[in-house]
Amino acid sequence: MSEDSKDVVKLGMGLIATMAALVLALLIASAKSSHDTQSTEVTEMSADFILLDRTLARYGPETKDMRGLIPVTIATILDQTWMEDAYRSENLERALGAGAEPFYEKMRHLEPRDDFQRALYAQTLQIGMELGQKRSLLLEETGGSIPAPFLVVLVFWLALIFASFGLFAPTNSTVVGVLLACALSVVGAVFLILELDRPFQGLLQISSTPLHNALTHLGR
């Protein structure tokens, strides 16, 4: 407990605190970026559903059955993805895949009669491919963007830092209160990282409002 020992401990903990701060900031930025990306993809998917419905409506009355599949697919996505229990990636794959197969099957039987319908047919194919691409991106991103070793190392560093606080701190209510407040703040930051890394469940889940809006606008 000599002064030299205290100085060495302070230097070591200062180094660990700096690394922990950098890693914590990196994890929060990565989780927030992943959350925002998936939220944007859901919004773009909702817009694509509306655009697909409008394109089929311009094509002609022969696409009525195909248009009927769009609200069914959206409703299935809402029911199976934003569930009360938990989000699972196979729910999204099942919901989108169930509507894709009959949609493309019906599209194969369409026979464009003029250049206008041929252009709309090509646009419909393009929108369908974009929806499939967004589905694949969402499925790939549901595994989480935060590597587990990062969190393990971060928690270990934070435990060392708080252990060093207790080496030299006097035992009184003020110190205990300050250390407790610091611990709760760090726990809150780690909790925020985990919540952002699970965008379809928890307190910070992605809003389903864009898909609800798309469902409302279909057929207008």
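The values are calculated or read from the model by the stated rules, or taken from the named source; none is laboratory data. Quick caveat, the model's predicted, so the values are computed rather than measured. Here the Cβ positions follow ideal geometry from the backbone for every residue, glycine too, while neighbour counts run over all protein chains shown. Surface accessibility is based on the protein's heavy atoms, side chains included, excluding ligands, DNA and RNA. Shrake-Rupley method; radii C 1.70, N 1.55, O 1.52, S 1.80 Å.
Descriptive notes on the structure:
- Test: residue in the stretch 70-85 that is in contact with an Asp or Glu (Cβ under 7 Å, 6 or more places away or on another chain) and either touching a residue at least 60 places away in the same chain (Cβ under 8 Å) or buried (at least 20 other Cβ atoms within 10 Å of the Cβ) (or both): yes
- Count of the stretch 27-56 residues which are more than 21 Å from Ser136 (Cβ to Cβ), in contact (Cβ under 8 Å) with a residue 40 or more places away in the chain and surrounded by fewer than 17 Cβ atoms within 10 Å (Cβ to Cβ): 2
- Where helices (runs of 4 or more DSSP H) sit wholly within the stretch 139-220, those with at least 2 residues that are over 30 Å from Ala57 (Cα atoms) and either among the hydrophobic types (A, V, I, L, M, F, W, C) or touching a helix residue (DSSP H, G or I) at 6+ places or on another chain (Cβ under 7 Å) (or both) occupy 148-168, 173-196.
- Residue match in the stretch 130-150 (condition: among the aliphatic types (A, V, I, L, M) and farther than 30 Å from Pro102 by Cα): yes
So that you can scan it fast, the table gives a plain yes or no per residue for (1) in contact with a helix residue (DSSP H, G or I) (Cβ under 7 Å, 6 or more places away or on another chain); (2) small (Gly, Ala, Ser):
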{"residue": "Leu24", "(1), (2)": "yes, no"}
{"residue": "Thr40", "(1), (2)": "no, no"}
{"residue": "Ala47", "(1), (2)": "no, yes"}
{"residue": "Leu52", "(1), (2)": "yes, no"}
{"residue": "Pro61", "(1), (2)": "no, no"}
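- Restricting the first member to the stretch 195-220 and to residues that are on the phi < 0 side of the Ramachandran plot, and the second to residues that are outside any helix (DSSP H, G or I) and among the small types (Gly, Ala, Ser), the beta-carbon pairs closer than 8 Å and six or more apart or on different chains are Glu195/Gly202; Asp197/Gly144; Asp197/Ser145; Arg198/Gly144; Gln201/Ala86.
- Meets criteria (more than 16 Å from Ile28 (Cβ to Cβ) and in contact with a Cys (Cβ under 8 Å, 6 or more places away or on another chain)) for Phe162: yes
- Members of the stretch 121-153 found to be acidic (Asp, Glu) and at pLDDT below 85, listed by number: Glu140, Glu141
- Positions within the stretch 106-138 being among the charged types (D, E, K, R) and outside any helix (DSSP H, G or I), in sequence order: Glu111, Arg113, Asp114
- Applying the condition of being modelled with pLDDT of 85 or more and open to solvent by 80 Å² or more (accessible area, probe 1.4 Å) to the stretch 186-204 and asking which residue is farthest from Val155 (Cα to Cα) yields Phe191.
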